Structures are given as structure tokens and as C-alpha cells.
Amino acid sequence: MMGKLPLFLTCGLLGFFSAQLGADPVRDAGDYVAAIEKVNAAHAKKPGDAREADLAENVPRQAVVGLARLLRESPSEETNAALVECGEAALDLAIEDHFSRVRTRLLETDPDSAAKLGDAVVRERFVVRGFGALEDGFLAEFADLLDGVLDAYDAVFGFAEWSKVPGKKIRIRVHLEDQITRPPHFAPQFPYHSEIDMPVINPAGFKSPTPKGQMMFYGLCHELGHLIAMWGDRQNQEDHHAWAHYTGVVIVEHMAKSATYKDLLANRRDVRWRSLTMEREKPENAIAPSDKSKPGVMSLFIRLHDLAGPKMIGDAMNRMDAEDTGHRINHVRYYSFSDFEKALIEVCEDREQDDAIRSLFP
Ligand SMILES: [Zn+2]
């Protein structure tokens, strides 16, 4: 175990070994990747209160030695491929220091492999990765926006845990495309973290809507709703896709109305087309709450929002998450409206409100 020895010091010390031991890039990369996988698997099994930033300390010293050796290896197809694998693995545990060493090395020796790995910004709550010819500063600016969106979610709903595996940072994969053919989406397939896939078309900055009217900023806020909760199961989407739409429009409107986010929203004007206020005014949402259609579920969330408030909705979600209510598919949280109703009644402190809450549910 590395103990408390800082990673940079460990890396620095260990170039020394490369001359001594027979170097084998494939073995070193394999050991490093396996070590990261082992730490992630152990954490997923028993997350406790550990945060991802602390998990890097559990990577065995020997694996870090191997990475340091690999970084000093002379370039070859084999070494470059091994470095790409290690760069990917480093980000699987959000170890920015290892990732940037690998990336810096590949930029010197093999820019094509460096491009495969892309760039990354690691912050307290997330890792943003960038692919394609994004201009300098794009990712940092995107990260500022995401920090703002998460702050807004904290202020409005107060969700306690973002990633499906507690303690892990969420991931956003930003990739530059000629045009957007698929909207941003939640990618649930990764074993240990929740990820959002985010296509962008402007290398200079994240503007929304696009010239074609695609609401990318709202899309980001919407996808975060999916990270918090899915409803029903894979076959039967109990919320008819209304939940993420609801949280998305709430956050877009909250940010647009608050001076705190004025600068962040300068190029993100989605609130003109996406807001809770507009959802309230839509004739199709003016129906009785039900679980039969998207407008029915929208009506439920809008009424609940106005009656109990989004903080109580957040408290109920936190309660269900903490009590492991519902079921998990590949760690993704799936809830039902009946569990949600129960959780709301549990967290509601005003007994007189209970009946009004119950009356909203089918
Ligand atoms: Zn969606």
C-alpha cells in the first residue's frame, strides 16, 4: 500500500527503478489497470463514506511504480497503446495527476494516441472529458457551468448523492461534432460511475440553444435528473420521461432567475423555451395527476412542487437512496411512485399536508 505518500513524490522517486528492472509496457499497463479496477470494485461493494478523491491512496505502490516506468519507456506502438490504457484507468479513479502525466507524455511522443485519450478536468464532484479540437479553456468553462448547475440542484432539491455508486464523481463526456445528431444522454452502462454523453458543435464554447434550436444547456440539466432517479424498470418507464424534464426545467428557470448565475448563462438562453412556468401554462399539463402519460406525471410533479416544494422532493429521494428503496440495475437507482409517495409522507413534517400529498398519487 502506498500509505500517505503523495502520488507525485511516489512517481518522482520511481523513475529510478526503470533502469534496474526489465521493462515490459504491456505488463506494467495491465498491472496498473487491474489495480485501479480492484480499488473501484472494492469501493462499489462497500462504499461507506469514502469519496473518490480518497480512493487513489488505495492503489498499491507497485502499480504506481509500473506507471512511472512506463512513462519513461521509449515510444513504440506497444508503449503508446499501454499509455492510453493507463490514462483511461487513471480517470476511472479520477487521478488527475496520473492522467496528465500520461497525456503530456503522449503529446510529446504520439499525438494521435493523445487525441484518443482527449483532455480532462477533474473537480470535486465530477470529471469532464473532452474529445476533438476543442479550444483551450473550453473544458474549464464547461466545468464552471456544471459546477453552477450542481450548485443550483443543491439549492433547489438538495440531492445528497449524485453518482449511482456513492462517493464516485460523475462523468461528462464532451465531444466535438460537425452537427448534433443525437441529444445528450445518460450512459448507464459503466460499471462504477454515472456518465452523461454531451455532443457539442462549437469548439470555442458551450452555447445553447444551437443555431438549429437544440437546447443543450437544458439537456445537461435534464440528464442530471436521470442520474438521480429512473422510474419503474427497463421495460416500463413509469414516469413517461417526465421526471428529468421536470428537474431540467426547474433548474434552468432557477438559474435564469438568480443573479448568482448571470455570467454563466450569458450564452445559454434556454429559459426562453424551457421553464417550469411554461410547463404550468401548457394546456396538456392541466389534467389530473396520473401515471398514465407524460402530461399526467408532469401534472403530478408540478402540483407536488407547488404544494410540498422541491426540497421535500429532494428529501424524499435522499431517503429512498439512503434506505436502498426500489431496485438497482447496474447500480442505477430505479424507484416506483408508490415508494416515492411513502418517502414523501415520511419526510413531510406537516401532518396536515399528508392527505394533500396522497391525493396527488394514483
Ligand atoms: Zn431524458
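The requirement of being out of contact with any Lys or Arg (no Cβ under 6 Å at 6 or more places or on another chain), away from the ligand (no atom under 16 Å from the Cβ) and farther than 24 Å from Gly314 by Cα is fulfilled somewhere in segment 142-160, by at least one residue.
Close contacts from segment 90-105, counting a first residue that is not assigned by TED's automatic domain parsing to the domain that holds Gly66 and a second that is of a type in the set (D, E, K, R) and at pLDDT below 95, with Cβ to Cβ under 6 Å and a gap of 6+ residues or different chains, come to none at all.
So, restricting to strands (runs of 3 or more DSSP E) that lie completely within segment 71-176, which ones have at least 2 residues that are at pLDDT 95 or above and surrounded by 22 or more Cβ atoms within 10 Å (Cβ to Cβ)? Give the steps one after another, and end with the answer.
Details: elements: 119-122, 126-131, 170-176.
It comes to 126-131, 170-176.
Being farther than 15 Å from Gly132 by Cβ and either among the aliphatic types (A, V, I, L, M) or within 16 Å of the ligand (Cβ to nearest atom) (or both) is the filter here; which residues of segment 183-204 pass it?
Of the residues in segment 183-204, the ones farther than 15 Å from Gly132 by Cβ are 183-196.
Within segment 183-204, Pro183, Pro184, His185, Phe186, Ala187, Pro188, Gln189, Ser194, Glu195, Ile196 qualify.
Please work out if Tyr261 is in the same structural domain as Ile228 (by TED's automatic domain parsing), within 19 Å of Glu223 (Cα to Cα), touching a helix residue (DSSP H, G or I) at 6+ places or on another chain (Cβ under 6 Å) and among the aromatic types (Phe, Trp, Tyr). I'd like the intermediate steps shown before the answer.
Numbers: in the same structural domain as Ile228 (by TED's automatic domain parsing): yes; within 19 Å of Glu223 (Cα to Cα): no; touching a helix residue (DSSP H, G or I) at 6+ places or on another chain (Cβ under 6 Å): yes; among the aromatic types (Phe, Trp, Tyr): yes.
Criteria not met by Tyr261.
Residue count for segment 68-87 under the criterion of being within 19 Å of Ala120 (Cα to Cα) and not β-branched (Val, Ile, Thr): the result is 8. Taking each residue of segment 49-74 that is in contact (Cβ under 8 Å) with a residue 40 or more places away in the chain and looking for partners that are aromatic (Phe, Trp, Tyr) with beta-carbon atoms closer than 9 Å, six or more apart or interchain, yields Val59/Tyr32; Val64/Tyr32; Val65/Phe17; Leu67/Tyr32; Ala68/Phe16; Ala68/Phe17; Arg69/Phe17; Leu70/Tyr32. Considering (1) within 16 Å of the ligand (Cβ to nearest atom); (2) charged (D, E, K, R); (3) over 24 Å from Leu300 (Cα atoms), the lone condition that Lys207 does not fulfil carries the number (1).
The values are calculated or read from the model by the stated rules, or taken from the named source; none is laboratory data. Keep in mind it's a predicted model, so treat the numbers as computed, not measured. Every residue, glycine as well, gets a Cβ built from its backbone with ideal geometry; the counts of neighbours run over all protein chains shown.
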